[in-house]
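The values are calculated or read from the model by the stated rules, or taken from the named source; none is laboratory data. Just so you know, these numbers come straight off a predicted model, no measurement behind them. Cβ atoms come from the backbone with ideal geometry, glycine included; neighbour counts cover every protein chain shown. Accessible surface areas use protein heavy atoms only, side chains included; no ligands, DNA or RNA. Shrake-Rupley method; radii C 1.70, N 1.55, O 1.52, S 1.80 Å.
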Amino acid sequence: MAHKTEIIAVGTEILLGNIANTDAQFLSRELSALGIGVYWHTVVGDNPIRLREAVELARQRADIIITTGGLGPTYDDLTKQTICEVFDRPLERHQDVVENLRIFYRESLHREMPENNCRQADLPVDCTVFDNAVGTAPGCAFESGGVHVLMLPGPPFECETMFRRCAAPYLRALSDEVIVSHDIMCFGIGESSVEQLLHDKMVVMENPSLATYAKPSEVRLCATARAHTVEDAEAMLKPVMEEAMVLLGDYAYGVDVSGLPETCLKLLKEKDLTFTSAESCTGGEIARQITELPGASAVYRGGVVSYWSEVKHGVLGVSQELLDAYGAVSEPVARAMAEGARAVTGAELAVSVTGVAGPDSDERGNPVGLVFVGLAAPEGTFCRKLELGRRRRDRIRGVSTNHAFDMLRRYLTGLNPEAM
């Protein structure tokens, strides 16, 4: 049976934009892996009238309702009460839960539990209780009229822990299918171009299916299959993935990877090579992205943020003659920066970025969006000229960073680093 799920996040702080609704993102991803489709996301404030309206609507169109938030002990934590009113299901106090709460306060928080926390032990009659291993608010699940209702706490760590420990096993028993997805990551090609390449196949596919998702300067192509077992779904996806990779060619840089930095890290480790970076307009973004990854110290020696020309000359060894003749934003300087970084750090490979991120042109009149990306290797030095136009400053920095990693990726896979 195919299920229709609605996720209702309860919390005025989400509506005000004070926090992001990361619970819904997590739950959608996990439910998909269980073969359970999510059809609606709803956010409602801490208001019993509007929450009741949201639950009543969800009851009419979904057979699984999952709520997050509103399970605390304070006056505005009204999720359980409101849901029980909608489903005409009374609350009852679970004394074992009360005792567990008292123990948690004494042993973990080293104080006595406030009496209003007893309200957290008021749960729907005949429900399945979900123990909260990392917090105080228990969750629960019950079925009524063919609709399964699951209530989870709002704090992300509590929500994720309870889902994995309690809710996932409960839901797994409701589904006889699994959904398997794989992401093909692409760089250097737009979403519309990817769709054009695969259009004839995408429009007729149902299971498996292909869908494109645009990321900043990248495209994610998601291949998804629904089957009774993971093995059957993988078998369905294999020919689809292989054909898509052939059609995308050099633009496809990885499957199920977080981005270009992760791909480069893996390739550098395989080839036992190190790299360094010399950055101007990206301001250390290359260094930040690679060092966020576990194991980066095995391949990344360090970098230089050379915002001023004096640093390009004094630290990286870019000749003053080049700087005077061509300016800091130029191909000769990008090449010299990469070569200098390689010499200073002793790394086998070096990438460099110099450009105008905006909002204004530079002192030589170079336009916003003009960027040069270099790659120095034992065989020689390569360079790309980017004309990105008057985009936002952060977008120019982000795209330029991706181009640096793409040049590195292409070099490591035997492709032309200057090709785009």
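Tabulated data for the structure shown
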{"quantity": "Set of aspartates and glutamates with alpha-carbon distance to LYS238 below 15 Å, sequence-local pairs under 8 removed", "calculated": "ASP183, ASP256"}
{"quantity": "Surface accessible to a 1.4 Å probe, GLU177 within the full protein complex, Å²", "calculated": "40"}
{"quantity": "Among PRO48, PRO367, PRO114: highest mean-square fluctuation, GNM of the chain, C-alpha pairs under 10 Å", "calculated": "PRO114"}
{"quantity": "Whether region 272-367 is rounded, prolate or oblate, judged on the alpha carbon gyration tensor where a/c under 1.5 counts as rounded", "calculated": "oblate"}
{"quantity": "From the C-alpha gyration tensor of region 241-326, square roots of 5λ in Å", "calculated": "32, 17, 11"}
{"quantity": "Over region 336-417: Kirkwood hydrodynamic radius from C-alpha pairwise inverse distances, Å", "calculated": "13.1"}
{"quantity": "Orphan Cys of the chain, criterion: no other Cys C-beta under 4.7 Å", "calculated": "CYS84, CYS118, CYS159, CYS166, CYS186, CYS222, CYS264, CYS281, CYS383"}
{"quantity": "Selected from TYR170, TYR251, TYR105 as most flexible by GNM, with the chain as the system and alpha-carbon contacts under 10 Å", "calculated": "TYR105"}
{"quantity": "Surface accessible to a 1.4 Å probe, per residue, for the residues of the chain, Å²", "calculated": "46"}
{"quantity": "For the chain, share of DSSP beta bridges that run antiparallel, in % to the nearest 5", "calculated": "60"}
{"quantity": "Subset of LYS201/LYS385; LYS215/LYS269; LYS266/LYS385; LYS4/LYS266 violating a 29 Å alpha-carbon distance limit", "calculated": "LYS201/LYS385; LYS4/LYS266"}
{"quantity": "Region 224-335 - percent of accessible surface contributed by carbon and sulfur, probe 1.4 Å", "calculated": "55"}
{"quantity": "Potential extension, ASP256-GLU379 segment - 0.36 nm per residue separation minus Cα distance", "calculated": "41.2 nm"}
{"quantity": "Between helix 191-202 and the chain: long-axis angle, C-alpha atoms, 0 to 90°, nearest 10", "calculated": "60"}
{"quantity": "More than 37 Å apart - percent of Cα-Cα pairs taken over the chain", "calculated": "44"}
{"quantity": "Crossing angle, helix 48-61 versus the chain [Cα axis fit, 0-90 degrees, rounded to tens]", "calculated": "90"}
{"quantity": "Helix-only mean residue ellipticity at 222 nm for the chain, each DSSP H run of n ≥ 4 adding -39500 (n - 2.57), per residue, nearest 500", "calculated": "-11000 deg cm²/dmol"}
{"quantity": "Values of log10 I(q)/I(0), in the order q = 0.17, 0.22 Å⁻¹, for region 28-130 under a Debye, Cα-only, solvent-free model", "calculated": "-0.91, -1.19"}
{"quantity": "Size of electric dipole in region 221-274: Cβ of Lys, Arg +1 and of Asp, Glu -1, about Cα centre, debye, nearest 20", "calculated": "140"}
{"quantity": "Along the chain, longest interval not containing exposed trypsin sites (Lys or Arg not before Pro), exposed being DSSP loop plus at most 16 other Cβ atoms within 10 Å", "calculated": "112-363"}
{"quantity": "Highest-fluctuation residue, GLY295, GLY327, GLY17 considered, GNM on the chain with Cα pairs under 10 Å", "calculated": "GLY17"}
{"quantity": "Residue-span extension gain [GLN320 to ARG391] - 0.36 nm each, minus C-alpha spacing", "calculated": "22.5 nm"}
{"quantity": "Separation between Cα centres of region 189-233 and region 85-126, rounded to whole Å", "calculated": "46"}
{"quantity": "Total formal charge among the other residues, if their Cβ is under 15 angstrom from that of ASP232, Lys/Arg +1 and Asp/Glu -1", "calculated": "-2"}
{"quantity": "Folded to 0 to 90 degrees: helix 393-412 orientation relative to the chain principal axis, Cα", "calculated": "70"}
{"quantity": "Cβ charges +1 (Lys, Arg) and -1 (Asp, Glu), total dipole of the chain, debye", "calculated": "720"}
